[in-house]
Amino acid sequence: MGRRCMALAMVMAFVLMALGAPVRAASDSLDGGGSEDQGTASKLGWGMASVGINLGYMPVKMIYALGGGLVGLLAWGFTAGDDNVLYGILDPAWGGTWAVTPENLSDGDNHPIMFSGPTYKPET
C-alpha cells in the first residue's frame, strides 16, 4: 500500500508540474508576458514535485550524513583528536541542502541543490 501511494504521489506531482507550465504560458500571453507571479497550478505542481523528490532525496541525504558522522568520528579517534580531520569530513556530510523546495526546482540558478556542503578550510 505504501509503495502505491508513493508512486501515485510522484505521478501526480509530475502531471501537475507538466500542467503548470501551459497554464503559466497561457496566463503570460493574456497579460503580455511581463508577470513574474506564478499561477496556482504551477505553484501546486512545483510543490508536489518537491514532495515527490524529497521522498527519495531526504533518506539518501540522511544516510550520507550519518555515514559521514561515523567516518568522521572514527577518523577523529585514529588521528588522536585532530579537529581538522573531523570537520573536513563532517562539513561536507552535514552541510548542503537537506530538503528540496519548490524554489530549488523552479529557479535552480538562484537556489541550487547542493547535496554536499562546503569544503572545510582549517584555521591557520
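Readers should treat all values here as calculations from the given coordinates under stated rules, not as data from a laboratory. Note that the coordinates shown come from a computational prediction; the quantities given were computed from them, not determined experimentally. Please note: Cβ atoms are built from the backbone with ideal geometry, for glycine as well, and neighbour counts cover all protein chains shown.
Restricting the first member to segment 100-124 and to residues that are farther than 22 Å from Gly67 by Cα, and the second to residues that are assigned to a loop (DSSP other than H, G, I, E, B) and aliphatic (A, V, I, L, M), the beta-carbon pairs closer than 8 Å and six or more apart or on different chains are Asn104/Ile113. For segment 43-96, a tally of residues being acidic (Asp, Glu) and touching a helix residue (DSSP H, G or I) at 6+ places or on another chain (Cβ under 7 Å) returns 1. Checked against the criterion of being among the small types (Gly, Ala, Ser) and surrounded by 16 or more Cβ atoms within 10 Å (Cβ to Cβ), the candidates Gly77, Gly68, Gly108, Gly81 yield just one match: Gly68. If you go through segment 45-83 and pick out every residue that is within 21 Å of Pro118 (Cβ to Cβ), assigned to a helix (DSSP H, G or I), without any contact (Cβ under 8 Å) to a residue 40 or more places away in the chain and out of contact with any Phe, Trp or Tyr (no Cβ under 6 Å at 6 or more places or on another chain), you end up with 14.
The set of residues in segment 84-105 being part of a helix (DSSP H, G or I), within 18 Å of the chain's Cα centre (by Cα) and surrounded by 18 or more Cβ atoms within 10 Å (Cβ to Cβ) consists of Asp91, Pro92, Ala93, Trp94, Pro102, Asn104.
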